[in-house]
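What follows is one structure encoded as structure tokens, with my remarks underneath.
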Amino acid sequence: MALRELSSLEKYLGLKKPNKYSTQGDKKVPVLQNNNGPPLLGLATIACHLAKEAKRPELLGDTAESRAVVQQWLEYRVTKLDSCTKEDIKFILKDLNLYLQDKVYLAGNRFTVADTLMYYGIHPLIVDLAIQEKEQYVNVTRWFDHIQHYPGVRHHLPPVVVLKNRIYTSRHH
Amino acid sequence: MELFVSEGNPHCLKVLAALEVTGVQCSVQYVNHEERVVPFLSRPTLPALLLPTGLHLFSSNAICRYLFEVSGQECSEFCNQWLEWEATDLQPALLQALYMAVLQGKGSEVSTVLQGPLKFLDQSLSKGGMPYLTGEAVSVADVVLWAALYPVLSDSSQALGEHKSVNGWFDRVASIHSCLSAAQKVLQGKGLQGMKSYMQRQPAPQSSQGRNTQPCNCNPIEGEEGERAFSEEELEAAILNWSKGLSTSPLATDRQHPILPQEGKRNILVTSALPYVNNVPHLGNIIGCVLSADVFSRYGRLRGWNLLFVCGTDEYGTATENKAREEGLTPQLICDKYHAVHSSIYKWFQIDFDFFGRTTTEKQTEIAQDIFWRLHKNGFLVEDTVEQLRCEQCQRFLADRFVEGICPHCKYPEARGDQCDKCGRLINAVELREPQCKVCRQTPVIRSSKHLFLDLPKLETQLEQWLEKSTSTGDWTTNAKQITRSWLRDGLKPRCITRDLLWGTPVPHPDFKEKVFYVWFDAPIGYLSITANYTDEWEKWWKNPHQVELYNFMAKDNVPFHSVVFPCSLLGAQDNYTLVSHLVATEYLNYEDTKFSKSRGVGVFGDMAKDTGIPADVWRFYLLYVRPEGQDSAFSWADMALKNNSELLNNLGNFINRAGMFVTKFFEGYVPVMELQQEDKKLLALVGWELQQYIQLMDKVKIRDALKHILNISRHGNQYIQVNEPWKNIKGGDTERQRAGTVTGVSVNIACLLSVMLMPYMPEVSQTIRNQLNAPQSCVSTMLQDNGTFVCSLCAGHRIGTVSPLFQKLEADQIEALKKRFGGQQTPQSTASTQPAAVPAPAAAVEVVTVNGVDPEKAKQLTQAVAEQGDKVRALKAQNAEKTVITAEVAKLLDLKKQLALAEGKSPEPAPQKGKKKK
């Protein structure tokens, strides 16, 4: 799975010659075989490496702050999201929904690697949502739909249908 | 910029170290663990850094990275790699290690958990050949990893093995003054214990087997890769089982009382700790003993074991005498009253005792006195004088709870003679300051009184020999073995077996004729006397160690009495008694985040469970699902609703209902012909494997773990239906229709298997499923024989019954109401309710409201009543009940609503229907 993400990311970045990957351990942690040095380990680490290789450093954030935010969401992806239990899903979606209330992308106003990897990671959760739930997490859905239509991102994943007009009127309280 | 941290939080250690090392200017604020600093996160998360832009960083690694970057040190790729490894690999292991060391006192197992990550770190350091992780200078990676490991590596009591490179690196970083000073700030020099309050607020880490909660965020492709692969032989074996059909041998399904040991059978005697009579049992008591023992007994009977399950109320002791005085009754009447309460609660929970007795019987006196004389004759009793308080006015010695005074430790004015309720310390009654007789309020005097002691030291060698054999051959839970071992390690002392009381089994010795047996000596003898009240041939169970295996179920606080003290009584009596072979002890069940408390009205007690409107089987399911097996667990309303809705409704119930509905709708109620393909065979093998796991675990009394395998089977089933889409195939050509038939047939047979496996857990639901499927009785015993065989018990052409939904959704508002109701300060009506099940809750609440006018308290009760009546009506409608019945209940509901409006001071007009209107 992680390898497919990396190959999709490579395509998005327009890297010409594909890198060689393998996986390690039970959790299938991706490993990048590097010709000029020791191998690199870990999805987030390799993703950052690829962005640098493609000379697109802005994808990792353009200020110290946004760089920290990007790294924070990459970590969130490989820890919280990748090991979430059924019970966690609700919290993850709720928190993310609140976070994205006033943001276009995870790191504010610019698309970054964090959006890509979070999109890949959250895809299986979104697929399982009912339409009503998608409306409940409206900011997540908006962000998700935006990223899946971002040129060159989606690649290996099937598109998720998002309805633009609400079909459930807001609930009474 | 502002940094928020809390004391004792290991992640805060990282950021404070980074802050000191980099020297970045930033104010630091210490807050509580519970403080929600980050506005968009629903769970409290610390540390957090408020950035100048107003955004919060909530990951400790990202904060460290940021601090390093603003001080001019950017993070290299290898730094990235270490930080990622720390978050994904090291942290989960550390969390588990700290959890064990700080909360579970299992410091010795820490090294096992951390072995992998430490080895990896050690190898990387020695291979790199550099002083720090990424080179010659300290980087953010060094600070983060050092701080993460500091709590365990600095603790001298943790022998973590020889990791030379790690140790060298650790000391190198520790020599940076700012790192150590950060550690001092967070842990306050208390070492691991400094993190206790933080760790207590963390969710229990997933066990290393990952059996409890599996990450569900794996896509189907990965799921398939991880699937169990079966060899051709295994598939063949599964098919062979499948086609075996039901066994034709007649079954002994009806129990013939009295049940007695039989030659050539597995004879099993099951006891559950005797509940103390003057308390209404709470959910923790129920899961700890009677419910666990019940599930195992039901399972054992299905396995064809010759099994007897006995229990009863423990009725003697000072608590009963006090209660009798409070209620103005005799102790015997108190016991009669509460014995009935207990009986009815267990009946409601469907606890299937073979006999539920009590300890205040003649048989008890007879057997206890016999054991006493034998101990006396064999020289295992010694005499000693004890200083005791005596009330001259009442003419008696004041045992335990008959005296109150000021606690010598904490000065609490109402400390009892055996324990202080405020500081929890054990007290010797003579130590109390200003003691008072609880009855007449006179000041007692100190007198010495002669007592008898069981000479445990003299029996120690015998006990140890027996223990070694029993614990190595039987299934003792780990906690039972540990508690027993620690008692023996501390050395045994003589224990007093007599008491200056009236309410107890009289001591037959003429020198002690004013005294009774102390309850701890007397109560376990109740197991024998209760069996004797069940059958005159009780000795065939209790003096027959060669034929009988004895299982004792209890909560862990009861272990020493069953593993040390009572066996010593029986060993010393030397009459070939049956001693415990399998001691099964649970940990504690908490209520939400606190303890059950009768006096504060916190928690759900046995008699209230039925008033919630939630069926007994759902209670059983949830309690067993969270059974404190191996570690403490907690009852939580929200979790109960979640498990009901996700596991029972959406998983188990959904699968069984779909399977049945397909037979009804597509095949006119007859099980279709099945032509097994490779995929079906794989499923049979998989289900068969889960069944075998279930049997292995149940045989070892791992009740909670076994339940997971039942739920796995219905998950496999749901997936199978989802992939094969019989509802589509049925509309296709002959091949497709054939396929739909096979999938339906296999599914409905899995449903039948599930009903059998569920029987010990949810007896009523299990029976309902078999009724709906019209399943033959013999399916029950056939499938649970030997290692477990999944046979086709509903063959092609079998006619099933009427299928209907098994479970109901628990709604959020309903659960919220229950949570409030049982969260403390319960209304006296519900707390004191000891009435049998016949009185429905809403009716009881209506009686309270007799006057008109505004009354918030009554309004509250009525709101509850309205909600419950509403649920009842909904339930009836869902079951398609008779129209007249529904109309009657709706009328009641409207009446309640009217009363509610009055109590709230509104005009009693029906409220407009909410939520139905479309905009």
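The values are calculated or read from the model by the stated rules, or taken from the named source; none is laboratory data. Values in this document were obtained by computation on a predicted structure and should not be read as measured data. All Cβ positions, glycine included, derive from the backbone under ideal geometry; neighbour counts span all protein chains shown. Surface areas here come from the heavy atoms of the whole protein model, side chains and all, with no ligands, DNA or RNA. Shrake-Rupley method; radii C 1.70, N 1.55, O 1.52, S 1.80 Å.
The residues of segment B:39-79 that are in contact with a Ser or Thr (Cβ under 8 Å, 6 or more places away or on another chain), in a loop (DSSP other than H, G, I, E, B) and more than 9 Å from every other protein chain (Cβ to nearest Cβ), listed by number, are B:LEU46, B:PRO47, B:SER71, B:GLN73, B:SER76. Of all residues in segment B:474-508, those satisfying the criterion of being open to solvent by 30 Å² or more (accessible area, probe 1.4 Å), more than 22 Å from B:LEU375 (Cβ to Cβ) and assigned to a loop (DSSP other than H, G, I, E, B) are B:ASP475, B:THR477, B:ASP490, B:LEU502, B:TRP503.
Here A:ARG67 meets the list (1) more than 8 Å from every other protein chain (Cβ to nearest Cβ); (2) basic (Lys, Arg); (3) under 22 Å from B:SER76 (Cα atoms) almost entirely, failing just condition (1).
When B:ARG36 is tested against (1) more than 26 Å from B:ALA174 (Cβ to Cβ); (2) open to solvent by less than 30 Å² (accessible area, probe 1.4 Å), only condition (2) is not met. The condition of being loosely packed, with under 15 Cβ neighbours inside 10 Å and either under 39 Å from the mean Cα position of the chain (by Cα) or not charged (D, E, K, R) (or both) holds for only one of B:LEU426, B:LEU459, that being B:LEU426.
Might you check whether a residue that is within 29 Å of A:HIS49 (Cβ to Cβ), more than 13 Å from chain A (Cβ to nearest Cβ) and open to solvent by 60 Å² or more (accessible area, probe 1.4 Å) occurs anywhere in segment B:156-179? Yes: segment B:156-179 contains one or more residues that are within 29 Å of A:HIS49 (Cβ to Cβ), more than 13 Å from chain A (Cβ to nearest Cβ) and open to solvent by 60 Å² or more (accessible area, probe 1.4 Å). Per the conditions (1) within 24 Å of B:ALA141 (Cα to Cα); (2) at pLDDT below 95, the sole criterion not satisfied by A:VAL69 is (2). What about B:GLU321, is it among the charged types (D, E, K, R), out of contact with any Gly (no Cβ under 6 Å at 6 or more places or on another chain), in a helix (DSSP H, G or I) and open to solvent by less than 30 Å² (accessible area, probe 1.4 Å)? Taking the combined requirement at face value, the residue satisfies it. Scanning segment B:80-106 for residues that are among the aromatic types (Phe, Trp, Tyr) and more than 14 Å from chain A (Cβ to nearest Cβ) yields one hit, B:TYR99. The residue that is nearest to the other protein chains (Cβ to nearest Cβ), among those in segment A:81-95 that are under 15 Å from A:GLU135 (Cα atoms) and touching a residue at least 12 places away in the same chain (Cβ under 8 Å), is A:LYS94. Of all residue pairs spaced 6 or more apart or on separate chains, those with beta-carbon atoms under 9 Å, a first member in segment A:38-56 that is more than 10 Å from chain B (Cβ to nearest Cβ) and a second member that is of a type in the set (S, T, N, Q) and open to solvent by less than 10 Å² (accessible area, probe 1.4 Å) are A:ALA51/A:THR112. Does B:SER76 satisfy being closer than 19 Å to A:ALA114 by Cα, touching a residue at least 60 places away in the same chain (Cβ under 8 Å) and crowded, with 24+ Cβ neighbours inside 10 Å? No: the conditions fail for B:SER76.
For segment B:355-376, the set of residues classified as over 30 Å from B:ASP455 (Cα atoms) and surrounded by fewer than 20 Cβ atoms within 10 Å (Cβ to Cβ) consists of B:PHE355 only. Test each condition in (1) open to solvent by 10 Å² or more (accessible area, probe 1.4 Å); (2) modelled with pLDDT of 95 or more; (3) within 20 Å of B:VAL673 (Cβ to Cβ) for B:LEU773 and report the one that comes out false. The number of the failed condition is (1). Looking at segment B:763-805, which of its residues are outside any loop (DSSP other than H, G, I, E, B) and among the hydroxyl-bearing types (Ser, Thr, Tyr)? Correct list: B:SER766, B:THR768, B:SER778, B:SER781, B:THR782. Considering each residue of segment A:105-122 in turn, none proves to be at the interface with chain B (Cβ under 9 Å from one of its Cβ atoms), in a helix (DSSP H, G or I) and over 12 Å from the mean Cα position of the chain (by Cα).
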